[in-house]
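The values are calculated or read from the model by the stated rules, or taken from the named source; none is laboratory data. What you see is a predicted model; the values in this text were computed from it and never measured. We place every Cβ from the backbone using ideal geometry, glycine too, and count neighbours over all the protein chains shown.
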Amino acid sequence: MRKYSHDSIFRVRLRHRPGELARFTAAIAEVEGLVGDLSTVQIGENDTIRDVTIETGDEAHTARVLAAIRALPDVELISTRDRVFEAHRGGKLRTVSRLELKNVSELRYIYTPGVARVATAIQRDPDLAWDFTGLGTSVGIFTNGTRVLGLGNIGPLASLPVMEGKAALYDRFAGISATPLLVNTTDPDAFIETVMRMSTGFGGIHLEDIRMPDCFYIEDELDRRLDKPVMHDDQWGTATVALAAILNACKLTGVDFKSSRVGQIGLGAAGSAIARIALSYGAKEVLVAETSADAMKRLEGFGATPSTMAEIMREADIVVATTGRVGLIRPEMVHKGQVIFALSNPDPEIYPDEAVKAGAAYAGDGRSINNALAFPGIFRGALDMRAKAITHEMRLAAAEAIAALAEPGELVPNPLDTRVHEAVRNAVAETARVQGLVRTAKLV
């Protein structure tokens, strides 16, 4: 089925007479455009101006719709707007003051001379920065743009819209002030040193869109060297939500996760982390398959069993694929009762309906795995407790919290459900406390 992912708003002037709108929408249907919202901008004696949202598959499809509109007699195309570009116009972030400035005395409190007292207090006791600056609600989002979404190495500047989006989600779901930081280097050691030098002003370090295998080395080194939460979201945000989805799929199908063999096909950033989180959660065995011998050796070191795709499809109770190869899993490979998650976007290794028809007890794709369910609450919980790190146990607690709030029949809850982020926050904070990772109790 065609995926319609481009929304454009066409402002058109139509003759104000019966059947004119129907003829317009019929012309759109002829070129396979999907008509969405219709709104009337202005009604005149002879003409009507409308904004029409039309969904298309790609830019070429949008161009065909545009040509079809221009070919219509008695229809004037006034303007065209791409809804995605409109949402990004001017950027999605701005820095604002939490305090109002109404008079000179307030200026003296928040800036000179009053601010000097706070600065010298922090100089004497650095922990006071958690109480008297934004440190405790701040995250730096660091990237070099070498592995962005499905776009690959597009560089740091082109990655900025993605980082702004992450920051907007932090603000909306966890009240965290997140700052995109573009590191213009492909040298992992230079990247690490840059983060180290800039980390002082942030309570946590979010790593994003960094190519393999650099992402593993960078996260490991920063986690070792910094006394604060560090997490590569492409690995652990994805893995946390994937585990939540798998746990609920197991409930729906009566599969016992901890008695199951889990097969992970593809050991990129997400696949490697999914295999590791399955091991941490206690799967009976985790089989892994990847064309890279180094990736296989790395996962074997964490306790996974090297395997092949054919073996996984024959023997695993739960199969997860993150290869980016459309149609990699053929229906005849599926055996009855398997739980299958083909997570590559935009097109999976096997479509869910095909997998179920072939005998899978349950099948899902990447549409259900939204990192936004995990990373805001994980970091907020860690920051609340001033945790020294983000651990596997904290991510497992987050996955269980996400899974628990899914509605009956759902795999995971809606990311817009604020209860989810609060539940993840609380679960992570409590786990940090139990693990003894709390630097100082948070002052209320």
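Of the residues that sit in segment 123-156 and are touching a strand residue (DSSP E or B) at 6+ places or on another chain (Cβ under 9 Å) and of a type in the set (S, T, N, Q), which one is farthest from Phe191 (Cα to Cα)? If you could, list the steps in order and put the result at the bottom.
The first filter runs over segment 123-156 and keeps only residues touching a strand residue (DSSP E or B) at 6+ places or on another chain (Cβ under 9 Å), leaving 134, 137-146, 154-156.
Going one step further and asking which of them are of a type in the set (S, T, N, Q), we end up with 137-138, 143-144, 146.
On the way: Thr137: 23, Ser138: 20, Thr143: 9, Asn144: 8, Thr146: 12 Å.
Among residues in segment 123-156 that are touching a strand residue (DSSP E or B) at 6+ places or on another chain (Cβ under 9 Å) and of a type in the set (S, T, N, Q), the one farthest from Phe191 (Cα to Cα) is Thr137.
Identify the residue in segment 319-358 that is more than 19 Å from Val255 (Cβ to Cβ) and among the hydrophobic types (A, V, I, L, M, F, W, C) and, among all such residues, is modelled with the highest pLDDT. Looking at residues that are more than 19 Å from Val255 (Cβ to Cβ) and among the hydrophobic types (A, V, I, L, M, F, W, C), I get Leu328. The sole residue among Phe85, Phe24 that is of a type in the set (Phe, Trp, Tyr) and loosely packed, with under 15 Cβ neighbours inside 10 Å is Phe85.
Being surrounded by fewer than 16 Cβ atoms within 10 Å (Cβ to Cβ), of a type outside the set (Phe, Trp, Tyr), more than 30 Å from Gly327 (Cβ to Cβ) and touching an Asp or Glu at 6+ places or on another chain (Cβ under 9 Å) is a condition met by no residue of segment 50-69.
Can you find, within segment 207-232, the residue that is nearest to Glu393 (Cα to Cα) among those that are among the aliphatic types (A, V, I, L, M) and part of a loop (DSSP other than H, G, I, E, B)?
Leu226
Only one of the numbered conditions (1) buried (at least 24 other Cβ atoms within 10 Å of the Cβ); (2) more than 24 Å from Arg147 (Cβ to Cβ) is not met by Gly282, and that is (1).
Mind checking which helices (runs of 4 or more DSSP H) fall wholly inside segment 1-102 and carry at least 1 residues that are within 30 Å of the chain's Cα centre (by Cα)?
Details: elements: 20-30, 59-70, 83-88.
It comes to 59-70, 83-88.
Contact map, segment 255-270: first residue in contact (Cβ under 8 Å) with a residue 12 or more places away in the chain and not assigned by TED's automatic domain parsing to the domain that holds Arg147, second residue of a type in the set (Asp, Glu) and surrounded by fewer than 19 Cβ atoms within 10 Å (Cβ to Cβ), Cβ cut-off under 9 Å, separation 6 or more or different chains; pairs are Ser260/Glu285; Arg261/Glu285; Arg261/Glu315; Val262/Glu285; Gly263/Glu311; Gly263/Glu315. Give the residue that is surrounded by the fewest Cβ atoms within 10 Å (Cβ to Cβ), with candidates limited to residues of segment 308-321 that are under 18 Å from Ile246 (Cβ atoms) and free of Cβ contacts under 8 Å to residues at least 60 places away in the same chain. Here the residue is Glu315.
For Ala403, the test of being farther than 14 Å from Met231 by Cβ and either in a helix (DSSP H, G or I) or out of contact with any Leu (no Cβ under 9 Å at 6 or more places or on another chain) (or both) is passed.
Can you name every residue in segment 356-371 that is surrounded by fewer than 21 Cβ atoms within 10 Å (Cβ to Cβ), in contact (Cβ under 8 Å) with a residue 40 or more places away in the chain and assigned to a helix (DSSP H, G or I)? Break it down stepwise before answering.
First, pick out the residues of segment 356-371 that are surrounded by fewer than 21 Cβ atoms within 10 Å (Cβ to Cβ): 356-359, 361, 366-368, 370.
Adding the requirement that they be in contact (Cβ under 8 Å) with a residue 40 or more places away in the chain leaves 361, 368, 370.
Passing the criteria: only Ser368.
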